[in-house]
Amino acid sequence: MYYTTQVSEDIFFVGASDRRLNLFENIFPLPNGISYNSYVLLDEKTAVFDAVDKAVAPTFLNNVASVLKDRKLDYIVITHMEPDHAASLMDLLNKYPEATVVGNNKTFTILDQFFNYPEIKRLLVTEKDILDLGKHKIRFFLAPMVHWPEVMFAYDDTSKTLFSADAFGTFGALSGNVFSDEMNFFEDRLDEARRYFTNIVGKYGMQATNALKKVLAYEIEYICPLHGPVWRDKDLINKFIEKHKLWASYTPEDSEVVIFYGSIYGGTEEIATVLATRLAHIGVRNVKIYDVSITEVSSLVAEAFRAKILIFASASYNAGLFPYMETLLLDLKAHSLQNRFVSLIENGSWALSAAKTMNEILDGMKNITFINDTISIKSRLQEEQLNEIFNLADKIKENL
Ligand code: FEO
């Protein structure tokens, strides 16, 4: 069987969703599955834009066939060679051996690393080259490191469609509704879009910013990403683009505070709760607390990209830092998080050692401003140190 959706006059969504995969890239939890998107364009020439993950290849091939009907496939445009898209490329080529694969230099380097298929017909393109399909002219923009070095965007001058590879993607399966305007995207799915972008592309913010600048100079009526919903509503497109500009430039999205705590016997958790309660009492809204042992780290990374002020409160551990807190901070550093206000709280019963490691990690990150001296607690917060927590709350409020 097949299920496709017409995106515009000549463009069809032929992707499919996987709700069984637990970990995307064998790292990131997928509580709501994921979609692997592909598109067919029918013109004087026909083209498929990207393939899909192996898991949904049979559906994808049926979908492509149902749109092409008895037409031959002329081109397969590869905007991204990562196997969550390109794994089924050979299945597609086996079915349509006459098709020419369109890619840039790096596309073919990676393609040849994955597949031993030298007889493949190839069309090499580079920045701003145009593929003429008839009425539709496809222009290419190299977008290296968004998210691999071979990534490129494709833009259809006629329908003003941007095929955006991993950019503008969202975790989560699609459930019949393919367009973002058919769902409550900003209420229900924005968190998963943020978690997707910050964890997959977040490290390459500058490259993402540069690539977005190039394509956003063109009028865009449709965005067709490789994961998540398709975009066609102008207001929603603009809103989503603004979110990406913030994430890619490491600009806080919300003027809010998030408290991350790592606690062994509850002492540090109590400190976090006392601080959050004080913040609430002095009028700070929407404070968030996360237990770094409980909330999976990719969600914590996304929250750190969202909020302006980050408080790290951690137990000491083995004369170092509590491991889950160390994992979080190293992950934030690995994703190049910058431009944040932070403050540290350490706790320890026999050796106060958490802040030393936290400081060492944060030292290697750009534009991190400490709003307060480190607060050191021994085992449990005592009445006489309450003023230190209250002062920190005041500093947080001042800096929001
Ligand atoms: Fe969806 Fe970078 O692959």
Exercise. Please state the Cα pair-distance histogram of the stretch 185-342 with 5 angstrom bins from zero: what percent is in each bin?
Worked result: 2, 8, 16, 20, 18, 14, 10, 6, 4, 2, 1, 0
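For the pair D70 and T100, what calculated FRET efficiency results from E = 1/(1 + (r/R0)^6), where r is the Cβ-Cβ distance and R0 = 25 Å, to the nearest 0.05? Could the numbers behind the result be given before it?
Working: r = 19 Å, r/R0 = 0.77.
Step by step, r from the Cβ atoms, then E = 0.80.
Please work out the Cα convex hull volume for the stretch 220-289 and give it in Å³ per residue. Working shown, then result.
Numbers: hull volume 9.6 nm³, N = 70.
Value for the stretch 220-289: 137 Å³ per residue.
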Problem set entry | DSSP bridge pairs, the stretch 294-400: antiparallel proportion in percent, nearest 5 | 15
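Express the Stokes-Einstein translational diffusion coefficient of the stretch 31-176 in µm² s⁻¹, to the nearest whole number, given a Kirkwood radius over alpha-carbon pairs, 37 °C and a viscosity of 0.692 mPa s. Walk me through the intermediate numbers first.
On the way: Rh = 15.3 Å.
It diffuses with D of about 214 µm²/s by this estimate.
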Exercise. Length gain on complete extension for the stretch A334 to L352, per 0.36 nm per residue less the alpha carbon to alpha carbon distance?
Worked result: 3.9 nm
Exercise. What's the angle, to the nearest 10 degrees (0 to 90), between helix 190-200's Cα axis and the longest principal axis of the chain?
Worked result: 90
For this session: Calculate the length of the line joining the C-alpha centroid of the stretch 211-288 to that of the stretch 100-174, in whole Å.
Result: 29
For this session: May I ask what percent, to the nearest 5, of DSSP beta bridges between residues of the stretch 307-356 are antiparallel?
Result: 20
For this session: First select every other residue whose beta carbon is under 13 angstrom from the beta carbon of F171; then total the charges, Lys and Arg +1, Asp and Glu -1.
Result: -4
Exercise. Taking 0.36 nm per intervening residue step and subtracting the Cα-Cα distance, what contour gain separates D112 from E384 on full extension?
Worked result: 91.3 nm
For this session: Can you check how the C-alpha radius of gyration of the stretch 247-288 compares to 2.2 N^0.38 Å, as a plain ratio?
Result: 1.41
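For the pairs K45/K160; K213/K395; K54/K106, note any where the Cα-Cα span goes beyond 26 Å.
Among K45/K160; K213/K395; K54/K106, the Cα-Cα distance tops 26 Å for K213/K395.
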Seminar exercise, completed: Per the helix-only model, the chain has a calculated mean residue ellipticity at 222 nm (DSSP H runs of ≥4, -39500 (n - 2.57) each, divided over all residues, rounded to the nearest 500) of -10000 deg cm²/dmol
Seminar exercise, completed: In degrees rounded to 10, the 0-90 angle between helix 234-248 Cα long axis and the longest Cα principal axis of the chain is 50
For this session: Please work out how much length the chain gains when fully extended from Q6 to D132, using 0.36 nm per residue of separation minus the C-alpha to C-alpha distance, in nm with one decimal.
Result: 43.2 nm
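Relative to the compact-globule scaling 2.2 N^0.38 Å, provide the ratio for the alpha-carbon radius of gyration of the stretch 137-237. Before the final figure, lay out the partial values.
Numbers: Rg = 13.1 Å, N = 101, 2.2 N^0.38 = 12.7 Å.
Normalised by 2.2 N^0.38 Å, the Cα Rg of the stretch 137-237 equals 1.03.
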Seminar exercise, completed: Residues of the stretch 33-56 with backbone N under 12 Å of the label point set 7 Å from the Cα of N184 along Cα→Cβ are none
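Based only on other Cβ atoms within 10 Å, what is the fewest-to-most ordering of W148, W231, W247, W350?
Details: W148 17, W231 27, W247 23, W350 9.
Ranked by crowding around the Cβ, least crowded first: W350, W148, W247, W231.
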Problem set entry | Note, ³J(HN,Hα) from phi for the stretch 223-231, Karplus 6.51, -1.76, 1.60, rounded to Hz, x at Gly and Pro | 10, 10, x, 8, 9, x, x, 8, 10
For this session: Place +1 on the Cβ of every Lys and Arg and -1 on the Cβ of every Asp and Glu in the stretch 350-391, take the dipole about the Cα centre, and give the residue among L386, F370, S353 whose Cα lies farthest towards its positive end.
Result: S353
Exercise. Under the Kirkwood approximation for Rh and a Cα-based Rg, what ratio Rg/Rh is obtained for the stretch 296-400?
Worked result: 0.96
Problem set entry | 0 to 90° range, to nearest 10: angle between helix 297-306 axis and the chain longest Cα axis | 80
Exercise. Looking at the chain from every direction and averaging, what is the projected area of its Cα convex hull in nm²?
Worked result: 20.4
Exercise. So which aspartates and glutamates pass the test for K356, namely a Cα distance under 14 Å, with those fewer than 8 places away in the same chain ruled out?
Worked result: E326, E346, D373
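None of the figures in this text is laboratory data; all of them are computed from the coordinates on show. This is a predicted model, so every value here is computed, not measured. Here Cβ is always computed from backbone atoms with ideal geometry, including for glycine, and neighbour counts include all displayed protein chains.
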